[in-house]
Structure formats: structure tokens, C-alpha cells
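Input: a single structure, listed below in C-alpha cells.
The values are calculated or read from the model by the stated rules, or taken from the named source; none is laboratory data. As the structure is a prediction and not an experimental result, all values here were calculated from the model. Note: ideal-geometry Cβ built from the backbone for every residue, glycine included; neighbour counts use all protein chains shown. We work out accessible area using only protein heavy atoms, side chains counted, and drop any ligands, DNA or RNA first. Shrake-Rupley method; radii C 1.70, N 1.55, O 1.52, S 1.80 Å.
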4 protein chains.
Amino acid sequence: MVGYYENKDGLLARLRRIEGQVRGIQRMVEEDAYCIDILTQITAITGASNKVAVSLLEDHLRHCVAESLAEGTDAGAKVNEAALAVQRLLRA
Amino acid sequence: MVGYYENKDGLLARLRRIEGQVRGIQRMVEEDAYCIDILTQITAITGASNKVAVSLLEDHLRHCVAESLAEGTDAGAKVNEAALAVQRLLRA
Amino acid sequence: MVGYYENKDGLLARLRRIEGQVRGIQRMVEEDAYCIDILTQITAITGASNKVAVSLLEDHLRHCVAESLAEGTDAGAKVNEAALAVQRLLRA
Amino acid sequence: MVGYYENKDGLLARLRRIEGQVRGIQRMVEEDAYCIDILTQITAITGASNKVAVSLLEDHLRHCVAESLAEGTDAGAKVNEAALAVQRLLRA
């Protein structure tokens, strides 16, 4: 069972909305929209993507990491893996 | 003329690639991919989006801001607007 | 016991190094260093700060969150709190 | 003349405040403050650092880049350099 199984529909809906935003930016470029307006929309994409990431991470901690801690299997590896995922998101 | 007119095709190609990445994440979710693998792909989306933003900003500075500085029209406002766009990208 | 008790000295050493970097930037400003060189050093500060944050988060998950999961006390609240901390770091 | 010469005092004041924040975090660690509270303070450091960066970048565009565009010397190189600085700030 994946960590996000309870939020799967919500997660897909958010990803479809991000896909729609990316297509919206393509239309803006095709119609020669002003650079700054496009930059604002790109900010919206990275913001929405990071929100999805935080939500996924929370599900992951609540289910996958909690499970491995409860079972005593690989809990250290799971925690390390989650920290590395945050490191990549922060590009740290 | 928009700042990115010389790079319009490249810009659209990059945005289509990002759209494809977002759809790829949707498939991963539908197929119950591992949370951490999805987080890695989201990191790729925000990275690619920020790269597009930097490229757009550079085009904007090179053309729109340079033009307003050359014409002496609203150059201060243009610089301020560009700085605000960076501020939003950095969420500062 | 705080999550970082095993890494306390290392953590303090990293924070002192960041403090030194911030003072280094002050000297650069006093000596009229080039804007772009200062920006590069600010990037180093945010990078080092985010690295410290990831390390603290990992310690927190490994000790505090693991403990509350083991004891069955407030584990959900701890996970939520950690996710909110990541959200703030990402400004999502 | 550096781009930030008009804001030099304000810039130094902000950097001293960031230095104070970093020292405050060191005290928190010495006194075994709660991990999450420290993470919140680190978020404040990266936020304040990015705000300083945006302000410096704006000064740089307004003075150094504008000057090179006016003089027609190296304007392209200056724009590229500024874009690279933003790229590093965004870690893109």
C-alpha cells in the first residue's frame, strides 16, 4: 500500500490542475504574452508542485515511515531516504 | 515584440516537456508508484520550471528592460518589475 | 532529549561557519565588493542553511518522530508538524 | 561605484540582523531547543537572505546593468551575469 492511497484522487486532481497550468503557459507563449506575466505563472507551477510534494511527504511519513518504524524494519533507511527527498526538493 | 521572440520555439518545447513530465507523474500515481520516486519527479518539474524562468528572465532583461533603458521610458519601473518577478520566484 | 543531541557539536560548528560567512559578506559590502560576488556569497548562505535544516529534520524524524510513533503518543501530530516545517522551508 | 552604494547602510543593517539570527540559533542549540523551533528560525534566515539578494539584484540592474546598457559596453555580458546569479539563487 502506497502512502498516498487515501489521497490518490485528490493528488491526481492537483496534478491535472498543474498540467492545465503548464498548457496555459504554452498558450500564453503562443499568444506573445508579456514575459513577466509568464514568470508569474511559472511561480504558480513551482508553488503548486511544492505543495503536492509536501502533501506526499506527509503521507509518506505517516504511513510508510511509521510502518517501517513499527515493524522495526529498515526504519533508519526509510528516514534517511525521506531526508534525501527533502534535500533534493530544497536543492540543498 | 516580446523578450523571448527569438527563443519562442525552444520555450514551447521546454514547456511541452514539462507537461509530459506532469502527465508522467499522474501515471506513476495511477500505478501506485513509490512516494519517494514521485517526489523525485516533482523535484524535476520544479527544477525544469525554474530553468525556464531564468531563461525567460534573461530574455526579458536583454530585450524589454534594455529597450526601456535605451528609450529612457519607464526604465525604473521595468527594473522594479523584474526584481519583483525574481522575488516571487524565490518566494522572498 | 532533543533529536540532534548526537550531532550537537557538528551542528554548532556549521552554524558558526554560517555566522562567519554572514560577517564575510558584511566586509565585502564595506569594501564595495561587486554586487554579483555578494549575491554568490548569499547563495552560499542559503545553501548552507538549507543543508543544516535537512540534517536537523533527519535527526528529528529519526529520534523525536520515531519515539512518538513507538510510544503511540501524538505520532500524527508530530508527523504533521514535521511536514509543516518542510512546507515553510519550501515556502509552499 | 557599486550598485548598492545608496543602500549600503541599510544593507549592512540587514546583514547584521541576519548575523544576530544565526547567533540566536546557536544559543537555541546550546539550550537544547526543540528541533522544529530551530527549523523555523532557519527558514527565517533563508527568507531574510533571499530578501537581501533581491534588493541587491534590483540595485545591480538599476545601476550596473543600466550603465553598461547606456554605455553600450558589455551589456550582453552583464545581463548574462545577472541571469546566472538568479539561476544560482534558484539553484536551477
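Here are the numbers:
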| quantity | calculated |
| --- | --- |
| Shortest-first distances to equivalent copies, position B:Glu67, nm, label 7 Å out along Cβ | 2.7, 5.6, 6.1 |
| In degrees, nearest ten, helix B:35-60 long axis to first principal axis of chain B (Cα) | 10 |
| Projected label distance in nm at C:Leu84 and B:Lys51, using a 7 Å step from Cα toward the beta-carbon | 3.6 |
| Cβ-vector label at 7 Å, C:Tyr34, separations to other copies in nm | 3.3, 4.5, 4.7 |
| Position B:Met1, label points 7 Å along Cα→Cβ, spacing to each other copy in nm (shortest first, one decimal) | 3.1, 6.1, 6.7 |
| Nearest residue to the symmetry axis between B and C, taken on chain B by its Cβ, in whole Å | B:Arg91, 2 |
| Net charge of Cβ neighbours under 14 Å - reference A:Ala77; Lys, Arg +1; Asp, Glu -1 | -3 |
| Estimated dipole of the protein assembly as shown in Debye, rounded to 20 [Cβ of Lys and Arg +1, of Asp and Glu -1, Cα centre] | 0 |
| Rg and Dmax [Cα atoms of the protein assembly as shown; Å; Rg one decimal, Dmax integer] | 21.9, 69 |
| Minimum 50 Å² accessible area buried by the other protein chains, the stretch A:29-44 residues, probe 1.4 Å, relative to alone | A:Val29, A:Asp32, A:Tyr34, A:Cys35, A:Ile36, A:Leu39, A:Ile42, A:Thr43 |
| Computed over the stretch C:7-91: relative contact order in percent, which uses C-alpha pairs under 8 Å that are six or more apart | 23 |
| Of all accessible heavy-atom area on chain A, the percent that carbon and sulfur account for (1.4 Å) | 47 |
| Shape category assigned to the stretch C:7-91 from the gyration tensor of Cα positions, a/c cut at 1.5 | prolate |
| Nearby lysines by direct alpha-carbon distance to A:Lys78 (threshold 24 angstrom, same-chain neighbours under 8 apart not counted) | A:Lys8, A:Lys51, C:Lys8, C:Lys51, C:Lys78 |
| Accessible surface, the stretch D:7-91, averaged per residue in Å² (probe 1.4 Å) | 40 |
| Chain A, helix-only ellipticity at 222 nm - DSSP H runs n ≥ 4, -39,500 (n - 2.57), divided by all residues, nearest 500 | -26000 deg cm²/dmol |
